[in-house]
Structure formats: structure tokens, C-alpha cells
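Shown next, in C-alpha cells, is the structure this report addresses.
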There are 4 protein chains.
Amino acid sequence: MTLLDEGAKGVYVIAVTPFTEDGALDLPSADRMVDFYLEKGATGLTVLGMMGEAPKLTADESRSFVRRVLARVNGRVPVVAGVSAAGFAAMAELSESVMGDGAAGVMVAPPATLRTDDQIVSYYDMVARTLGPKTPFVLQDFPLATNVQIAPSVILRIVEAQPSCVMLKHEDWPGLAKIAALRAASDKGARRISILAGNGGLFLPEELSRGADGAMTGFAYPEMMVDVWKAHAAGQVERAHDLFDAYLPLARYEQQPGHGLAIRKYLLAKRGAIASGALRKPGSTLSGADIADIERLVARQTRRLQEIN
Amino acid sequence: MTLLDEGAKGVYVIAVTPFTEDGALDLPSADRMVDFYLEKGATGLTVLGMMGEAPKLTADESRSFVRRVLARVNGRVPVVAGVSAAGFAAMAELSESVMGDGAAGVMVAPPATLRTDDQIVSYYDMVARTLGPKTPFVLQDFPLATNVQIAPSVILRIVEAQPSCVMLKHEDWPGLAKIAALRAASDKGARRISILAGNGGLFLPEELSRGADGAMTGFAYPEMMVDVWKAHAAGQVERAHDLFDAYLPLARYEQQPGHGLAIRKYLLAKRGAIASGALRKPGSTLSGADIADIERLVARQTRRLQEIN
Amino acid sequence: MTLLDEGAKGVYVIAVTPFTEDGALDLPSADRMVDFYLEKGATGLTVLGMMGEAPKLTADESRSFVRRVLARVNGRVPVVAGVSAAGFAAMAELSESVMGDGAAGVMVAPPATLRTDDQIVSYYDMVARTLGPKTPFVLQDFPLATNVQIAPSVILRIVEAQPSCVMLKHEDWPGLAKIAALRAASDKGARRISILAGNGGLFLPEELSRGADGAMTGFAYPEMMVDVWKAHAAGQVERAHDLFDAYLPLARYEQQPGHGLAIRKYLLAKRGAIASGALRKPGSTLSGADIADIERLVARQTRRLQEIN
Amino acid sequence: MTLLDEGAKGVYVIAVTPFTEDGALDLPSADRMVDFYLEKGATGLTVLGMMGEAPKLTADESRSFVRRVLARVNGRVPVVAGVSAAGFAAMAELSESVMGDGAAGVMVAPPATLRTDDQIVSYYDMVARTLGPKTPFVLQDFPLATNVQIAPSVILRIVEAQPSCVMLKHEDWPGLAKIAALRAASDKGARRISILAGNGGLFLPEELSRGADGAMTGFAYPEMMVDVWKAHAAGQVERAHDLFDAYLPLARYEQQPGHGLAIRKYLLAKRGAIASGALRKPGSTLSGADIADIERLVARQTRRLQEIN
């Protein structure tokens, strides 16, 4: 299997974890979901991310799910697995499992207890030792969820100290200045790593303009991210915005903290990507009014896409 | 002066506080800004809100600024003043000042230390005693900023216990279910208070559908909120969405935490509403890339509005 | 095995998890440690608590360690296992394992995301369903660590709704009023559950006076807690304070957040309870000055105990 | 008036703010309290600290209270005033007032929003500019209350950049290693500033051993801190511990978060230092059981002091 490296670009879709209506892991839907994401143009997949309900899985379930996804992908695109854990022993165990099964790399977010610059740098030093030099890792910078703020200078210290850190999942909302600062540093000689933007894609056109290499996030219409990225790469910036704007009302609605995942899974089920939109408990459920909102937004999105295509 | 009551509706714009380039309070711009907001259709104004840089003012400056705004408004629309303070003595002092000068009511957000339901209810009991029965107040429910989560049942307890609580500034992003729960409760006999939506207007169409009476938030194009509210009130829901969608890309860009206020003030200065877009220190400043983003979004917004009008 | 019930009292020592110098789980030391705690008078043991480095263990290690402890205890005292987890699937898995191996009950702390009263009550409803009606559980109320504040009225709602909630590990520092409120409620008819005090025993005499049934916490000299509890139970309150005061300087020193566990393990190793005082990484280490402090405090404690005995 | 400088040492008592039973500022008690603290050996006073209920005062009250204290002290010892504020304009206003009235310096804690090293350094750069070069300031490092963790290297950066930073109020519980690191740095050439220990004095003997120059904290028996400091300075370390241990049970009881101030004021009123132990609302009140605890601890403390003297 090819390993993740600094040249990664495009759209790594944050995959959901499909469950049946009664909360069991739905492995057949994992197959279908993989096919769906790849049909829509994903250039990579990320599993067990924050929107992947990873903490709701047992250690065995996590390993089984990743194994199933990897088997279905079968090397067509690189797969990154989230291995953030409360302790390094569990992180090592999961990382060894997924890399042994063919993952291209792993992703680690900082624990909420980190505060000072040195604490963050030290943490990723232990992460790199835990994973070993042969496992490339993605630094997930998501202050809204982790409550850890990582200055650009700290990211650069980690990049310098840890050759196995090859990608930043950029999710400091929207942190456009952070992308610019990191790119300015690599122009001056710092190792240039891949930066994929998160935040549900809500700032994707601007993030690409500042130097992001693509997106690593979730949205029930991953083709939006693919098409925006392609238009942007082709120099068609206004076209990228036109596409983005057409999807924005729904993308915004799907980004409701604590509720957005139910919306995303509803849409994925509606689109046939998974059998059920159910979240494993605890998880929010959609009201009739929510569904009415969603259906209106989908209808409007469909019309708008027809207008601009 | 007419006092705020439960029947309030429409768009209460959260006003910025204008400063000169060197950080002095710019009272002449306060006049101009008032005229601008009223020309754009504001049905009320809110000063000293979280986006009003209130904590950067001395007690004297706060009183002077509110006095100037009230004089310029001259009773044309109700004015609400934020009086959140670390202690009740400062809250009483500011509240007495602004109500004496003609404010229609005041707004109070909960301090970050509150956790349990009873703590929140007790806090607003002390707020109501501090303000006195003749001062109507707005409960600001903004968990993302305050870190205090107020359940619908707790809001209803406060509404029942405090007759002077006449409005909810709803900012539990987006908390559509919360609006619906409160409206269901008033259908069953709870006192119905005004609910104005915040969150930069990013969920305004859906919030209106769930029962919000309008918006209380900021955006450099307040006419968006006014027009969406009017269209919605006229039963033209798709039209409301069309208008909303045209402004959404810029409204989204203006909602960047910690950076959005600089964008808003830049736009207000550009539109002639204030003399300078400067924030009092500490405050973020715009890079050239930020300004390029903004100008592009404004140009696109102008084009899109022409298409739909 | 006898199950934990509301009548539990005495001293449940929060056991450390012994590691070798190179970070491996040290199961032979687990045996020695069990013998040590029981010789010192422990009436119960609690494993995998917050001071037990539980998050540093893999799921397999957690199960192995609890199994070893249970085998060594061999029914002499009840053993409670911490099963707090980020998700219910992992909680169920660990709970089934430890109860199957003979634990008397399990302990669950609330996740940091809980805020409102209803959220907390709902969480423990899901906990009780996850564990099943035959598994007694301890509610761990430790706001300093969890950032979740649980009002006495909320504890009473959980006690009423969940018959399997049989004990409160009281760690709302020091929350003497909370103990009093809960006891007043049980005097008026609420189900009376066991309350064991935490906080390193630093408020033990006062907590016993307010109605605590003993302690569930750690200290390298568990005989302090046992002796204080016995003296108090015998009505010798001043004697209880005399004993407590003799140990207080060291107990205080051992309660340094983030550093105390290294001190505790150093002392346990020094006393022969475990082979090594090492923490699994990441964990703090003792400086020469720390050790000098400890040795001085131990010498002073020894002298003072001689004076009062 | 002599200004605070790096050579400051001894015991700066954190003064309470006295109120009458109905919550009015009690300026006559401010006089009595000053006399009390000075009689007990205070080498300095600190007003408007976190335990001084500063946020409950209006801006005018704050200025009046400090003015009264300064008049009564009349230059006998240096007085430091807390000027932490949500904004720099209010900080400047209060600082100018108190320095003009004869304060020796001011104290500033970091706002809870600071996270990265650079943010903290920048904040204190703005603090130093706001205060001006002639106003010495104390850096208050109190992570438990502020949620801001300041690494030793960051303190050293501030010390280097800001000549007006002359003292650290050390309250990183207990952070003995931090004191040692700072002293090691000044041994190697960094400017040596005064370090006074906080935390209610609960680690005073150990903090002095690591290099603290004294204490800046509150306790209803400030003579404990004075006597421990003097014994330590005289090389009588065991004697320092003997004295400390005699007061420790009560000092511990007075350190209950959110409740300790009511205990401290009760004791100060009992000792005649202030007329009433009342806190301005909101503030906790003592139950009968609390008072019984306190009285027992005072009686035991009195006996123990007789034994060792």
C-alpha cells in the first residue's frame, strides 16, 4: 500500500460509520458507502474521525470497520484512520492494526488538557514515537472541538521535529491566516506538508486561495468539494465560487454542532450511500421540521445547480 | 420612551461601537451609523452587545456612547443596551444610566461560571432584582460564547418567575429545536415572549419558520435580515430563501470567530456607515488577502442580487 | 460474589495501577498491592479510577489487571472497577468483563460535555441501561476533574430513577453542604445511598460529621483513613482529628494536581506495596527537591504519630 | 511613595473588601482591617485581588476603597492593587487612579481566552504599554482560576521584555518546579524578580525552600505566614514546619473553592478585623455546621499553638 506523504491533495472525505436502526455496526453499508464516495470523486477517505462516531465503537469494532473499508477500497485511494485516544497504548494498538491492514496513514487530534506550546510539541513527540517512523500521521488542528489552540509556529516546530508528520487537517475555523503563515514559512525553507481543509468545507474556496491542497471533511454531497477543488485547480476561481454557493445553504445547515451528523446521515441514506441514517446512541434525531428544512434545501440546491450548469 | 415588551419583532441590529483610527470613541460616527441602520430598515437597535466591543469601554465611555445613540435615534425605534457585567453593582449602575437616558430595555448574558439549572434560574432572579421591575430585559442565550447551556425548561422557569424578562436573544447555534419547544410551551399557556434570532443571521429563514419573531444580530448588510423577515412575514418563503442565499456567502465570511468584527467594520466603513473600520485594541486587522476575499464576495453578491431582483 | 449495595461503608482505597520501570503492566505488584491495602484495613478496593491511570491501558490490559486484582482479593472485600468511557459500547464491554470476573460494582463519571440537569439525568439513564439492572454502580461526582456540576437535586433524581445507583463517590471539593443536603433528603424519604468521600481524604473528618459513610480515595497511608473513620464511628471525634492532623501535611503534599500520583507511587514503592513507583508515560517524575520534601514530611509524620500514640 | 521592585519580600496579605450586612462598602472597617493586618506583621498589602470581591464593585467603589486603604496605611508598607479588567481602557483608568493615590504597584491576571505562548506574551506587552513604564506590575499566575497555563519560559520572556514586571504572584498549585525553574534561570543571568507564593499559603514551607521570597495570599491568621517566613529566613526549617502544621487544618478548611471567602471573613470578623463577615451578593453563607467546624478547628489550633510555643 502506498503511504500518505506531503504531496497529498484533493478531497479526502471524512466517512461516517454506518449503523443499523438498532445500533449495530452495518458493515455491508460500509461497502456501499465506499463505492458512493469514490463515485463522487473522492481522492482519499478518512475513517474514525470526529464525525465518524469513533468513540462509540469498541476497540474490536474500530478495527473491524477499518478492515472492511480497506478491503473495499482495495488500494484505489489512500485511507487515513483516526487513532486519537486517551492513552498511547490504545493509540499504538489501533494504529498497528490499521496500518497492518493497509491504511495509508493515521490522524491524531490533541487532547483537551494541552495548553502551552511546549506541551503540544511534546505530545506530538510522543505520538510520533508511539506510531513509529514508518507510520505517516495527520495533525488534526480543530480548536473548536479540542479546545487546544496551536499557533503556526508550533505546527512548524512539530513539522520540523517529526518527519512522519505529513499533513495538517486544518480546522481552525476558518484560520485563513494560519494557512497563509504556514505557506509563507515553507516558501522560506520549512518542509512543506499537505494542508487539507476541514470545517465542513464552509470556507473551501478561500482556503484553496490561501494555499490549501484540498479538503478533508464531510458533507453529504462530496461532489461539491471535488468540483470546487477541480475548478480552482484549473484557475476557474469564479466558477469554483458559483459551485460552492449553490451548495452552501445546505452545507451550512449540515454544520449544526451536535446535530449536523444526523442531517448528513439522513442525506447519505436518502442518496443510497448507507442503509440507515441512524446514529448509535447517544445521538440526535431529526424532527419533522428538520426534515422539511432539509427537503426544501435539497430541492433549492437541485434547481440552482441546474441554473448554473 | 416606550419600553420593550413581549410583542417586539422585526430586526434589532446589533450595533458596532465606532472608534477613530487611534482608538478613541468616535461619537460623530455613532450618529451616522444610527442613520444608516434606520435607513436600511432596522426596527430596533442593540448597543453594547458582544460584537460591540463593550468590555473595551470604560464605564463612562459606555454611558456616553449609549446616550449619543439614544439622542440620535430620538425615539424612532426602541434601543436595547447590553449591561452584562462581572458584578451586579456595575450592572445596576449602567442599567440605571441607560434607562434614564431613554433605552427601551437591557440585555444580560449569563456569566461563564453558571452550570446547573438552579444556578441559572437564581442568577436571573438576581438580575431581575438588580434591574428592578420597570426595566424590561432580554435573556441572551449564547452558549458558544458564554459556555452556559440553558435548557428550554430553564428559560421557561425564568419567564415564569420574572415578568420583566420579555425577550430571548436566541443564539444557541442554531437551536431550531429550542425555538420550537418554547413556542410549543407558549401554545400550552406559558407566557409568550419575543424571540429574536442571533448567530449573524446564518439560520434566519429556518428560525423564522420555527417561530422566531425576527432577528437581533449584526451583519454589514442589515437589509438582508429586514428583507428576509418581510418576505417571510408575507408568506413568501421561497423568496425569503432567495434573498438569504444571495447574501449567505458574505454573511458566512463575516461570521469568522474572532475575526468577523474586523470584516463587519470594514464593510460598514466602506458603505459609509462609520468613518473608520478600526477596532480598539486588542482586535484583529485585515490582511490584503482578507480584503481581496471580501471584495470578491461583495462583487458576487451585487451581481446575484441583480439577478434575482 | 456479594454485590455492592447502599449499606457500603468504611474505606475503599483507590488502587494505583503498578507498572514496571519500562512501562509494562506489573501484575505481580498488583498482588502485593492488594495485600498491602488489605493489611492496612481497607474495607474495599476501587480499581481503574482517575488516579489509576486507566486511560493509559488498552482494553485488554484493563481486563487483565482487574482480573488479577479480583483473583488476589478472592472475595475478602468488595472491588469496584471504574468503567467510564467515551462511549457506551466500550463501557458495556468492560463492565461485563469485570462483573463476570467477580467485581462488586462499577463506577462511572460523567463526560465533560454534559451541562444541563436533564443532560446529566439522561446520561445516567443510559448508563443504567448499558450496565443492566444487576450491576450496581457508583456515581462519581468530581467537578474539578470532569467540569460537570451535579446539583443535589439532580443526584436525587438519578437515585430515584436508577435503583442500581447505590453509591456516591463524593468529590465536589469539599461539598460538605452537598452531603448534608443528600442526608436531609434521605431523612425525608429519599432512598439512602452510600456516600464515600474522595478528595484524597483532605476533608474526611468534616465529611464524616456531615453524614459520609467513609472514604473512597487514595493516599499512600490508607491507615489514616481507616483510623479516622474508626475513631469517628466510635464517637471519638477529637481523636479522629488528632490522627487526621498528623497525616495532613503529607496528604496535602500528595494532592498536587498532575503531580500527586508520582508522589503516591513513590511512597507506595518505598513502603513495599509495589515494586516501582513509575508512571506509564506521559506522567510526571520526581525531582531531588520533591524527594527531599517527601522524606522530610514522612519523618515529621512518624514523629508526630509517636507523640499522639 | 516607594514603588514595588524586584527585591520585594515577606508577606503581602491579600485583603478582603469589607461590606456591611446590607452589602454597602464598609470603609470604616477598611481602616480597622489595615491596622489588623499590619499588627500581625504584614510587610505589604494587596487589594482588589480575586478574594477581594473586586468584580462586585463599581469603578467608583474600587477607587474609593483603594484610596481609603492607602490613606490608612500611610506609607507604612507598600500596597498593590489588582487592576485586571476585561479591557485595557478600564485597566488604565483604575491603574492611574490607584498609582496617583500612592499604590506601590498593580497586579494583572491573564484573561481566560489566552491559550498560546505568543498570545500570553503579547497580552502582557499590551498590559505594560497600558500601565506605562513607571507603574511596576505583578504577573498573577493562577491557572486554576484563569484557565491559562503559563510555562516558565513564557514568564521569562515577559520578564525580559517588560522591565516593569517586577513580581510573580505564584499560584500554579503548587508549582514547586516552576519556582525552581525560574530561580535556575535567574542564576544563569535572567533578571531575578520577586516571587511571592499564593494558594492560601498551603505550600508555603516548600515554596520558600524552592526560592520564593514570601507569600502573597490571604488567610484569616496572617501571622502564620509571617512566622513561617521569618523562621524559614532564620534557617529554622523544622520550626517553620511546626508553625505551619499547627495552622494547616484551618488553612485547609479556609481554602474551599467558592466557599472559603465566607469562612475567612467570618474569622476576620470574629477576630475584630472587620465589622461584618458578610459577602456582597452573590456569595455563599455559612451554615451552623460550617460554623461548628470552624470553631472546633480554631479551638484545636489554639491548643496546638500553646503546645509548640
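A few remarks follow.
- All positions within the range B:186-201 that are more than 12 Å from every other protein chain (Cβ to nearest Cβ) and either without any contact (Cβ under 8 Å) to a residue 60 or more places away in the chain or not in a strand (DSSP E or B) (or both): B:S186, B:D187, B:K188, B:G189, B:A190, B:R191, B:R192, B:I193, B:I195, B:A197, B:G198
- Flag for A:R304 being buried (at least 17 other Cβ atoms within 10 Å of the Cβ), touching a residue at least 24 places away in the same chain (Cβ under 8 Å) and in contact with a Pro (Cβ under 7 Å, 6 or more places away or on another chain): no
- Taking the criterion of being of a type outside the set (G, A, S) and closer than 16 Å to B:Q140 by Cα, the only residue of the range B:197-206 that qualifies is B:N199.
- Considering residues of the range C:269-291 that are under 21 Å from D:A180 (Cβ atoms) and aliphatic (A, V, I, L, M) only, the residue farthest from the chain's Cα centre (by Cα): C:A289
- Within the range B:9-35, if we keep just the residues that are in a loop (DSSP other than H, G, I, E, B) and either open to solvent by 10 Å² or more (accessible area, probe 1.4 Å) or of a type in the set (S, T, N, Q) (or both), the residue that is nearest to B:V138 (Cα to Cα) turns out to be B:K9.
- Condition met for A:A240 (farther than 30 Å from A:A24 by Cα and touching a residue at least 12 places away in the same chain (Cβ under 8 Å)): yes
- Residue among C:L204, C:L168, C:L208 that alone is touching a residue at least 24 places away in the same chain (Cβ under 8 Å), in contact with a strand residue (DSSP E or B) (Cβ under 9 Å, 6 or more places away or on another chain) and open to solvent by 10 Å² or more (accessible area, probe 1.4 Å): C:L208
- When A:A92 is tested against (1) within 16 Å of the chain's Cα centre (by Cα); (2) of a type in the set (A, V, I, L, M, F, W, C); (3) at pLDDT 95 or above, only condition (1) is not met.
- The residues of the range A:90-142 that are among the charged types (D, E, K, R), within 14 Å of chain D (Cβ to nearest Cβ) and surrounded by 19 or more Cβ atoms within 10 Å (Cβ to Cβ), listed by number, are A:R115, A:D117, A:D141.
- Residues in the range A:281-298 that are over 26 Å from B:Q255 (Cα atoms) and at pLDDT 95 or above: A:S287, A:G288.
- The residues of the range C:215-241 that are open to solvent by less than 10 Å² (accessible area, probe 1.4 Å) and either in contact with a strand residue (DSSP E or B) (Cβ under 6 Å, 6 or more places away or on another chain) or under 11 Å from C:G10 (Cβ atoms) (or both), listed by number, are C:A215, C:M216, C:T217, C:G218, C:P222, C:M225, C:V226.
- Scanning the range B:37-59 for residues that are assigned to a helix (DSSP H, G or I), within 10 Å of B:T17 (Cα to Cα) and open to solvent by less than 20 Å² (accessible area, probe 1.4 Å) turns up just one, B:G52.
- Out of D:V34, D:V77, D:V73, D:V66, sole residue that is among the aliphatic types (A, V, I, L, M), touching an Asp or Glu at 6+ places or on another chain (Cβ under 9 Å), modelled with pLDDT of 95 or more and at negative phi: D:V66
- Of all residues in the range A:147-174, those that are within 13 Å of chain D (Cβ to nearest Cβ) and under 22 Å from D:A112 (Cα atoms) total 9.
- Here A:A251, A:A289 are screened, and the one residue that is open to solvent by less than 20 Å² (accessible area, probe 1.4 Å), assigned to a helix (DSSP H, G or I) and under 28 Å from B:E171 (Cα atoms) is A:A251.
- Every condition in (1) open to solvent by less than 30 Å² (accessible area, probe 1.4 Å); (2) out of contact with any Leu (no Cβ under 9 Å at 6 or more places or on another chain) is met by D:S62 except one, and the failing one is (2).
- Condition broken by B:P78, with the remaining ones in (1) open to solvent by 10 Å² or more (accessible area, probe 1.4 Å); (2) free of Cβ contacts under 8 Å to residues at least 60 places away in the same chain satisfied: (2)
- Some residue of the range D:208-230 being of a type in the set (A, V, I, L, M) and more than 17 Å from the chain's Cα centre (by Cα): no
- Unmet criterion (only one of (1) in a helix (DSSP H, G or I); (2) within 14 Å of chain D (Cβ to nearest Cβ); (3) within 25 Å of C:K40 (Cβ to Cβ); (4) not polar (S, T, N, Q)) for C:A212: (1)
- Residues considered: A:V228, A:V237. Of these, the only one that is modelled with pLDDT of 95 or more, within 14 Å of chain B (Cβ to nearest Cβ) and touching a Phe, Trp or Tyr at 6+ places or on another chain (Cβ under 6 Å) is A:V228.
- If you go through the range A:289-301 and keep only what is at the interface with chain B (Cβ under 10 Å from one of its Cβ atoms) and either free of Cβ contacts under 8 Å to residues at least 40 places away in the same chain or over 19 Å from B:F244 (Cα atoms) (or both), you end up with A:A289, A:D290, A:A292, A:R296, A:A299.
- Of the set (1) closer than 24 Å to D:S122 by Cβ; (2) open to solvent by less than 10 Å² (accessible area, probe 1.4 Å); (3) of a type in the set (G, A, S), all apply to D:A185 but (2).
- Residue in the range C:139-150 that is closer than 20 Å to C:G52 by Cα and in contact with a Ser or Thr (Cβ under 8 Å, 6 or more places away or on another chain) present: yes
- Filter result for C:R183 (among the basic types (K, R), more than 29 Å from C:A231 (Cβ to Cβ), part of a helix (DSSP H, G or I) and at pLDDT 95 or above): no
- So B:V73, is it under 15 Å from the mean Cα position of the chain (by Cα) and more than 9 Å from every other protein chain (Cβ to nearest Cβ): no
- Candidates in the range B:269-286 are the residues that are of a type in the set (K, R) and within 28 Å of B:P205 (Cβ to Cβ); of these, the one that is farthest from the other protein chains (Cβ to nearest Cβ) is B:R271.
- Test: residue in the range B:259-268 that is more than 10 Å from chain A (Cβ to nearest Cβ), under 21 Å from the mean Cα position of the chain (by Cα), open to solvent by 30 Å² or more (accessible area, probe 1.4 Å) and without any contact (Cβ under 8 Å) to a residue 60 or more places away in the chain: yes
The values are calculated or read from the model by the stated rules, or taken from the named source; none is laboratory data. Given the structure is predicted, the values throughout are model-derived calculations rather than measurements. Ideal geometry is used to build each Cβ from the backbone, glycine not excepted, and the neighbour counts take in all protein chains shown. What goes into the accessible areas is simple: the full protein's heavy atoms, side chains included, and nothing from ligands, DNA or RNA. Shrake-Rupley method; radii C 1.70, N 1.55, O 1.52, S 1.80 Å.
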